[in-house]
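Some notes on the structure that comes next.
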Amino acid sequence: MNEFLEQFQIEVRELTEQATDDLLLLEQAPGDRECLERVFRAFHTLKGSAGIVDFTAMSRAMHAAEELLTAVRNGGTEGSAALIGGCLACLEQVTQWLVEMAAADAVPAGADAMADRLITRLLGPAADPPRATENADWVDRLCEAHPDAGSASLAIRYVPSADCFFHGDDPLALLAAMPGLRALEVLPVRPWAPLDSYDPFACNIVIRALADATPEQAAAHFSGVRGEVALAPIAPAANSSLAEQAIAVLRAQVTMLQHATGEDLGVRLAAAGRVAGNVLRHSGQVSQARVVAAALADATETLDATPLLAALQHLLQPPSQPVAQPDAAPRRPTAAGTLRVDANRIDAIVRVVGELTVVKNALGHVALLARAGHDPATVAASLSREQLLLDRLTTQLQRSVLEIRVLPMRHSFRRFPPLVRDLATRLGKQVRLEISGEATEADKTVVEALFEPLLHVLRNTLDHGIEAVAGRVAAGKPAVARVGLHSRREGQNVIVEVSDDGAGLDIPAIRRRAEAQGALSSEAVTALSDQAAADLIFTAGLSTATEVTEVSGRGVGMNAVRTAIEQLGGRVAIDSRPGEGVTVRFTLPFSVVMTRVITLETAGQMFGVPFDAVTETLQLPRQHIQRIGATEAFVLRGRTVPLINLIEALGLTPDVARGEPAASATLVVTALDGEPAAFEVDAFHEQLNVMLQPVGGLLAGVRGIAGTTLLGDGRVLIVLDLPELLR
């Protein structure tokens, strides 16, 4: 990405986050003058930034919002909920434009239509610039009227401002100089006035043209003109440069992806992406090939065919039938290509590297002593001393590097207040979103990937979990529902929860739907516990919704949630309280890169335990262990601690060759929700820093396993999740 666009993305992302927070504060406190000024400055700066990179559509949308905010500042109007909603919609659209810019490495083409929609929402239909009365199929009709312009790849509609002549603009001369011009039409915006009242100084034309040019070239050509410019790349179906055979091949790739499931998904993604890219490049559609390549990278990263399918279907979609994106379903943000890092963290790495250089020199000196034949005991002592120092510094360096990769949960959480507000308004419900734990940190990959699964859960919460206002009042609940979004750190894990005070899951309805859809037999459904029945909502295709809406109801969202979280090496759990609400809990690894573990042995097998999950280890005489019913327990510093045999918890076969139990029990103490518990093991071994891999293959879905790693001798070490074994 070029330097200007990269800096633009960084600055605009920060400004939109700040403006979103301030708009929500302004809605709660309309009289906060300082907050209003911050919002106005943010929109003004966004407009200026868009102008620097020639992003005309964004500049127009920001200008419309700025006009409304100016009226509020001057006391001419109030900061109504509609105004706040319109400004928030502008910021959300800016965020989506940033996603498109990251994928295409250019200002989004064809953004003017969305800018028109935002301006109309903010200022009303009268705010639209004068334009000819045209249907949405103007591109098709333009191509049909000029069949000899078959090589054209771009349709242009230019409506000069009425006062453009006073600013030195010459619309016809500008179009005539357009590179690759293939066809030109000039129409009146409104019927020509009688000659006696005709105003020769007011421009009253709309110009439509076909050109063999890229949207980037056209945007540069029209930069600085006054009026409206709409650019529409001509879709393959309307462009004779893409043969019918090529279209058939692209459709075949779509069909293949729609039926791709399971382990062959990655292979089909790669094959479809390569074939589509080759076809487009062969047909001269180089810019479209780049879009497909970006979508393929996105799909491969998430193992989700949706981005690539959307790109191919957009290519095959006629221009008169644009694929609509519901306002309530923003696109998944792509991973940021840059990070802003605290300078203190960089300084810490520099200090450690300096100390490592000293150790390197010291090791060289020890090697010289060994070659010179010095006393082996002296050399060994020196080598041991430097090895311990090297181990300490390497650990510090690993920790410092990991801290650079972490982001606060605020990075994902701050996008949800405007989305929840907008969705609640659409559903006619009153909702208060309570957020805590925004400062909780986790790996960048984890934080950025959380947006989409959290969005699915919040949609279901608002649509199904929260009752209508009348229903809440009848049940004795406050009219305003509470939805919580919380995060916290637990050892090597990060816990993220979405909770509500709604009606809870309809367990009988879930059982009936599971049986009706054939997910389980009648006997199996009856045998399920309520908790197991609640987990059925994660089954693909199962939904208790009576109708499908643009928000939910297809039985896809919650299944996608579990899939996305498991791909991150995490787990999803649900807790439903009839009449009181639901809590959906994500348990995620703090880091997907490096974990410190302590190895232990039980039943003749080696396992690892994340170091942060261990409260303490101890040897306890067996006479201090008491049996309480079917379990055992002991007293540790005045607290009763339950004791679990790890062999039994893992379902392993005891080592019968061990003989009688030792006089003392070897215990590892952990905690779940602040309550201590202990596991008995055979022995402890060394501590290691390992690259923890998510669970897959035969171990996928097995409870109590945090991941796997390779030991120095090539063996696979299973790393246990002790808190999960306690649940």
| Residues within segment 522-543 that are open to solvent by 60 Å² or more (accessible area, probe 1.4 Å) and either of a type in the set (S, T, N, Q) or at pLDDT 75 or above (or both), tallied | 6
| message | Could you check segment 377-408 and list, in sequence order, the residues that are under 26 Å from the mean Cα position of the chain (by Cα) and acidic (Asp, Glu)? | response | Glu403
| request: Return yes when Arg251 is at pLDDT 80 or above, over 30 Å from Asp112 (Cβ atoms) and either loosely packed, with under 13 Cβ neighbours inside 10 Å or more than 24 Å from the chain's Cα centre (by Cα) (or both) and no when it is not. | output: no
| Being open to solvent by less than 20 Å² (accessible area, probe 1.4 Å) and at pLDDT below 85, is that true of even one residue in segment 571-588? | no
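Are any of the residues in segment 638-645 among the β-branched types (Val, Ile, Thr) and at pLDDT below 85?
No, there is no match, as no residue in segment 638-645 is among the β-branched types (Val, Ile, Thr) and at pLDDT below 85.
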| note | Subset of segment 186-204, residues open to solvent by less than 80 Å² (accessible area, probe 1.4 Å) and under 25 Å from Ala113 (Cβ atoms), comes to Val186, Leu187, Pro188, Val189, Cys203, Asn204
| Residue check for Pro160: at pLDDT 80 or above and either over 24 Å from Ala113 (Cα atoms) or not aliphatic (A, V, I, L, M) (or both) | yes
| query | Does segment 162-185 contain at least one residue that is in contact with a Leu (Cβ under 6 Å, 6 or more places away or on another chain) and open to solvent by 80 Å² or more (accessible area, probe 1.4 Å)? | reply | yes
| remark: Screening Leu36, Leu26, Leu46 for residues that are in contact with a Cys (Cβ under 7 Å, 6 or more places away or on another chain) and either touching a residue at least 12 places away in the same chain (Cβ under 8 Å) or open to solvent by 10 Å² or more (accessible area, probe 1.4 Å) (or both) leaves only Leu26
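Could you go through segment 58-65 and let me know if any residue there is open to solvent by 20 Å² or more (accessible area, probe 1.4 Å) and over 23 Å from Arg121 (Cα atoms).
Pass one, segment 58-65, residues open to solvent by 20 Å² or more (accessible area, probe 1.4 Å): 59-60, 63.
Next, only the ones that are over 23 Å from Arg121 (Cα atoms) stay: none.
Taking every residue of segment 58-65 in turn, none turns out to be open to solvent by 20 Å² or more (accessible area, probe 1.4 Å) and over 23 Å from Arg121 (Cα atoms).
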| Is there any pair with a first residue in segment 378-396 that is open to solvent by 80 Å² or more (accessible area, probe 1.4 Å) and a second that is assigned to a helix (DSSP H, G or I) whose Cβ atoms are under 8 Å apart and which are 6 or more apart or on different chains, and what are they? | Leu383/Leu363; Leu383/Val366
| Failed item in (1) among the hydroxyl-bearing types (Ser, Thr, Tyr); (2) more than 30 Å from Gln396 (Cα to Cα); (3) open to solvent by 40 Å² or more (accessible area, probe 1.4 Å), with Thr602 passing the rest | (3)
| task | Determine, yes or no, whether Glu452 is out of contact with any strand residue (DSSP E or B) (no Cβ under 7 Å at 6 or more places or on another chain) and open to solvent by 40 Å² or more (accessible area, probe 1.4 Å). | result | yes
| field | strands (runs of 3 or more DSSP E) fully within segment 671-710 counting 3 or more residues that are modelled with pLDDT of 80 or more and under 26 Å from Arg399 (Cα atoms) | value | 683-690, 705-710
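The values are calculated or read from the model by the stated rules, or taken from the named source; none is laboratory data. Predicted model, so just to flag it, every value in this text is computed and none were measured. In this analysis, Cβ positions are derived from the backbone assuming ideal geometry, glycine residues included, and neighbour counts consider all displayed protein chains. Surface areas here come from the heavy atoms of the whole protein model, side chains and all, with no ligands, DNA or RNA. Shrake-Rupley method; radii C 1.70, N 1.55, O 1.52, S 1.80 Å.
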